[in-house]
Amino acid sequence: MRVVLCAFMLGVVVLQQQAALPTRVEWGGGALVCLALGALAFMRGRTGCDAQTVGGWRRAGVLGLAALAAALTGFGYAAWRAELRLREVLPTAWEGRDIDVTGHVRGLPVLEKRGVRMQFAVDVESARRATGLDRFPSTLQLSWIDRFGRGAPELVPGDRWRLTVRLKRPHGYANFAGADAEAAWLARGVRATGYVASPARARRLPGTAGGLITTIDRWRFALRTRMGEVLTNAPHRGIVMALAIGAQDAIDEMERVVLRRTGTSHLVAISGLHIGFVAGWIAVLSGWLWRRSIWLGAALTMKGRRAWPLIVPAPIVATLAGVCGAAAYAALAGFNVPAQRALAMLAVSGVAFALGRSVAPSLALAWAGTLVLIVDPWAVVTAGFWLSFGAVALILFALHARLRVRAPERVESADDTADADRPRAQQRMRPDWRTAMRGRMAAAREHVASALRAQYAVTIGLAPLTAWWFSQVSIAGPIANAVAIPWVSALVVPAVLVGIVLPAPLDALAWQSAHALLVPLMRMLAALASQPWAEWHLPRPSVWAWLSAYAGILWCLMPRGWPLRFCAPLAWLPLAWPPPASIAHGAFRLTALDIGQGSAIVVETARHALLFDAGPGPESTHAGERLVVPYLRANGVPTLDALVISHADADHAGGAPAVLDALGVGGVRQLLGGLPSANALWDTARAVQAETVRCAAGQRWQWDGVEFVVLWPDAGPLPTKSNAQSCVLKVTAPSFSALLTGDIDAAIERLLRTRAPQALAADVLLVAHHGSKTSSTELFLDSVDPRVAVFQLGYRNRFRHPHPSVWSRFAARGIELARTDLDGAARIELDAGVLTLERYRDTHRRYWMDG
């Protein structure tokens, strides 16, 4: 059964890697193959799998056929669910138009600095009548932006509203080794995003939406509101809220950094550990109460002959109560993937126990994975699924491997049998208290050893997964978790749950106690996080390095005596010390990131790296922190030899402070910029000991056979206009060159062409000012004569870049064009003497991607 369930999950995983969904012909062929395999497995199972057949091979064949049928079933099920969800799509013609929609607030609204972000469940029939569309997205993600300081109204889950919204298709950033926002939106059923276009016209409608989910959301909202009132000035109130209802939007950014660097982020996500803890306590309490309810059962039962514990045994009541308690806490958590996994495992084990059967933990885990993917086939594209199931699988493997080789502690002898047959008075006396104490201490040592082995398995076993998903491994994690897990699970979580149960004002005492318990813990974690060794950044490993690491981990977790177990860490070397980027001496690779309306280009040579602009900052998309830094780490660029900020505009320089702060002291060796001397970025760079140099024409240097030359601005006072201050950088290899232009306008283009038109010639051109009509003049393009041109743009940006005349000017020349808003990140390099352009949305396409 485990093989069949795992095969079903594998089919779902494979579907989520596809660039397109199956066609009708493929659907029909797959269904026929699946039916044929299932029938063949059934027939072979009935005709030849008894114990007398030669038949181990036949049984293996039957299992293989069943597994293949299950894999096809999982693939088909996930494809069917995807087709249903993708039918709800906003037509391109309706993007950016004002649409009146009616519906209700779904889930917990997220408070932001500029307003509120929420999910909005649309009354589809009214939307169809208003738009005339056959299918209108049933779930929207909307922002209610506070433009004039009036503040957004209180948005309560279930409240009905009539809103005027402006929408676009779900379109996220697409970068190499970056997070996939479009997959996350699809998993939540969000098929359009946008904002409330006319807050003054918004109207709250009478009544509220019904249903169990809405009731749970309103309960969570009421708890969040109450906790916000009780813990108004508490520094860690966001963590208390996260432990209660799973909402992490109130956690401070500095707290997130501390939790991430110490590997304790899982503690604030209402993990499976917390679900199991709650289920255990409720089971113990309900079992205790049920056993002592015999007097009440006798009083209410006719003739008083049978009490409740005799009708339904206390262990079954305790088990079912624990499952129900776990379900309630998982509902409070918003049913995230770790909570679903823990609840599913408890439910499978509880049902089996109630039916008088036992189920192996590994089978319960396989059933849990299958049930989670039946509910949400897109869970496999999230880190939470792999980390949660991976941690449990590693613990089971480590403990099972140890138990299998343990010798029985004591073999029953003939004397023992004879002693058991004697009358009670003649049996051997019980051991004295010293012997009993030694037994208890041995049992305690065994429990501690098992806990340490489990922690060891999780620590080394999840390292490749965290390297894959987050490009980092927490070195301080084992120390931090050894203290934080028991502290939070045994002290903080019970106090939080008591506060949920108690009425006001007693709930305030419980939550304040939980916060008081968090204060020393967070102080200790902050001290650990401040250590330079707390976090180890790794590039995203290749598939082969990842598989090699897990082969070594499984080998390392084998029991004592396993051959060559001490050599297992050698298999981790490809993960820990990956080979350098395959860029030859005298060549370079240019990657234009998809960071919205802004600019960020990474230029890599054999042993050096340069970042030209850092994208928008906190005033827009936080691109420096959320997109640029993760890309650098995931692609093995821990140090920038130069950070070039073309000019001071926010869409080019806004992300630079985040890059400097994230890479830290020594992470950026030089800041080169077309910035006024009063710009605060100079001081930020000096604080991390980076050399600061203003851009000036004539500056040049060489890395690994590649020449870098600054063409503009001139030395001396900078031009008055910010765009005219832009650094213009040319990168030249023996057979390949690129021109990075910032936001220069037509006047600067004419000046550069007049000075040295031959110096502008380049194979690759970063189009100036995102394709604005004020740049990219005909004569300038004649001088550059590029083969490839890259437009860095925001999807449906408000400036309407690129200008149609500029785009047609490039297209008419037969230049190969890439635009990050539609193509995602663009990577350009010389491969075997051929200039190659890789568009992320082409080479890494998934069926849910827009465009």
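The values are calculated or read from the model by the stated rules, or taken from the named source; none is laboratory data. All of these numbers come straight from a predicted model, not from anything done at the bench. As a convention, Cβ positions derive from the backbone with ideal geometry for all residues, glycine included, and neighbour counts pool all protein chains shown.
Applying the selection to region 712-747, what residues are among the basic types (Lys, Arg) and assigned to a loop (DSSP other than H, G, I, E, B)? If the condition is that a residue be among the basic types (Lys, Arg) and assigned to a loop (DSSP other than H, G, I, E, B), then Lys721 is the only one that fits. Is at least one residue of region 117-135 in contact with a helix residue (DSSP H, G or I) (Cβ under 8 Å, 6 or more places away or on another chain), surrounded by 16 or more Cβ atoms within 10 Å (Cβ to Cβ), outside any strand (DSSP E or B) and of a type in the set (S, T, N, Q)? For region 117-135, residues in contact with a helix residue (DSSP H, G or I) (Cβ under 8 Å, 6 or more places away or on another chain), surrounded by 16 or more Cβ atoms within 10 Å (Cβ to Cβ), outside any strand (DSSP E or B) and of a type in the set (S, T, N, Q): present.
One residue alone among Ala658, Ala648 is in the same structural domain as Pro802 (by TED's automatic domain parsing), surrounded by fewer than 24 Cβ atoms within 10 Å (Cβ to Cβ), over 24 Å from the mean Cα position of the chain (by Cα) and aliphatic (A, V, I, L, M), and that residue is Ala648. Considering (1) touching a strand residue (DSSP E or B) at 6+ places or on another chain (Cβ under 7 Å); (2) surrounded by 20 or more Cβ atoms within 10 Å (Cβ to Cβ); (3) without any contact (Cβ under 8 Å) to a residue 60 or more places away in the chain, the lone condition that Leu538 does not fulfil carries the number (3).
Within region 683-692, being surrounded by 15 or more Cβ atoms within 10 Å (Cβ to Cβ) and of a type outside the set (S, T, N, Q) holds for Ala685, Val688, Ala690. With the condition kept exactly as written, say whether any residue in region 422-440 is assigned to a helix (DSSP H, G or I), closer than 30 Å to His274 by Cβ and modelled with pLDDT of 60 or more. Yes, that holds for at least one residue.
For beta carbons closer than 9 Å, sequence separation of 6+ or different chains, a first residue in region 681-710 that is touching a residue at least 60 places away in the same chain (Cβ under 8 Å) and a second that is among the polar types (S, T, N, Q), the qualifying pairs are Trp703/Thr605; Asp704/Thr605; Gly705/Thr605; Val706/Thr605; Val706/Thr732; Phe708/Gln699; Phe708/Gln702; Phe708/Thr732. The C-beta contact set for region 542-558 (first residue closer than 29 Å to Ser582 by Cβ and in contact (Cβ under 8 Å) with a residue 60 or more places away in the chain, second residue of a type in the set (Ser, Thr, Tyr) and assigned to a helix (DSSP H, G or I), distance under 6 angstrom, 6+ apart or interchain) is empty. If the condition is being hydrophobic (A, V, I, L, M, F, W, C) and either in a loop (DSSP other than H, G, I, E, B) or under 18 Å from Gln597 (Cβ atoms) (or both), then region 163-197 contributes Ala174, Phe176, Ala177, Ala179, Ala181, Val190, Ala197. Counting only helices (runs of 4 or more DSSP H) that sit wholly inside region 748-851, those with at least 1 residues that are among the β-branched types (Val, Ile, Thr) and under 30 Å from Leu186 (Cβ atoms) are 820-823, 840-843. The set of residues in region 653-675 that are part of a loop (DSSP other than H, G, I, E, B) and in contact with a strand residue (DSSP E or B) (Cβ under 9 Å, 6 or more places away or on another chain) comprises Gly667, Arg669, Gly674, Leu675. When region 178-219 is filtered for residues that are among the hydroxyl-bearing types (Ser, Thr, Tyr) and either free of Cβ contacts under 8 Å to residues at least 60 places away in the same chain or touching a Cys at 6+ places or on another chain (Cβ under 6 Å) (or both), the ones remaining, listed by number, are Thr193, Tyr195, Thr215.
Could you check how many residues of region 571-603 are surrounded by fewer than 15 Cβ atoms within 10 Å (Cβ to Cβ) and within 29 Å of the chain's Cα centre (by Cα)? Counting residues in region 571-603 that are surrounded by fewer than 15 Cβ atoms within 10 Å (Cβ to Cβ) and within 29 Å of the chain's Cα centre (by Cα) gives 5.
Looking across region 433-484, just one residue is charged (D, E, K, R) and touching a helix residue (DSSP H, G or I) at 6+ places or on another chain (Cβ under 9 Å), and that is Arg453. Taking (1) buried (at least 17 other Cβ atoms within 10 Å of the Cβ); (2) out of contact with any Ser or Thr (no Cβ under 9 Å at 6 or more places or on another chain) in turn, His769 satisfies each apart from (2). Scanning region 624-641 for residues that are surrounded by 22 or more Cβ atoms within 10 Å (Cβ to Cβ) and hydroxyl-bearing (Ser, Thr, Tyr) yields one hit, Tyr631. When region 508-521 is filtered for residues that are buried (at least 19 other Cβ atoms within 10 Å of the Cβ), in contact (Cβ under 8 Å) with a residue 40 or more places away in the chain and not aromatic (Phe, Trp, Tyr), the ones remaining, listed by number, are Ala514, His515, Leu518. Inspect all residues belonging to region 138-158 and state whether any of them is under 29 Å from the mean Cα position of the chain (by Cα), surrounded by 18 or more Cβ atoms within 10 Å (Cβ to Cβ), on the phi > 0 side of the Ramachandran plot and not in a strand (DSSP E or B). Yes: one or more hits. When residues in region 477-503 are screened for being under 27 Å from the mean Cα position of the chain (by Cα) and surrounded by fewer than 20 Cβ atoms within 10 Å (Cβ to Cβ), 8 of them pass. Of everything in region 347-387, what is over 25 Å from Ala269 (Cα atoms) and either among the charged types (D, E, K, R) or not in a helix (DSSP H, G or I) (or both)? Give them in sequence order. Of everything in region 347-387, those that are over 25 Å from Ala269 (Cα atoms) and either among the charged types (D, E, K, R) or not in a helix (DSSP H, G or I) (or both) turn out to be Leu355, Gly356, Arg357, Ser358, Val359, Ala360. Please go through region 252-284 and give me each residue that is within 19 Å of Thr466 (Cβ to Cβ) and outside any helix (DSSP H, G or I), ordered by number. Hits for region 252-284 are Thr262, Gly263, Thr264, Ala269, Ser271.
For region 66-86, the criterion of being at pLDDT 90 or above, surrounded by fewer than 19 Cβ atoms within 10 Å (Cβ to Cβ) and in a strand (DSSP E or B) is satisfied by no residue at all.
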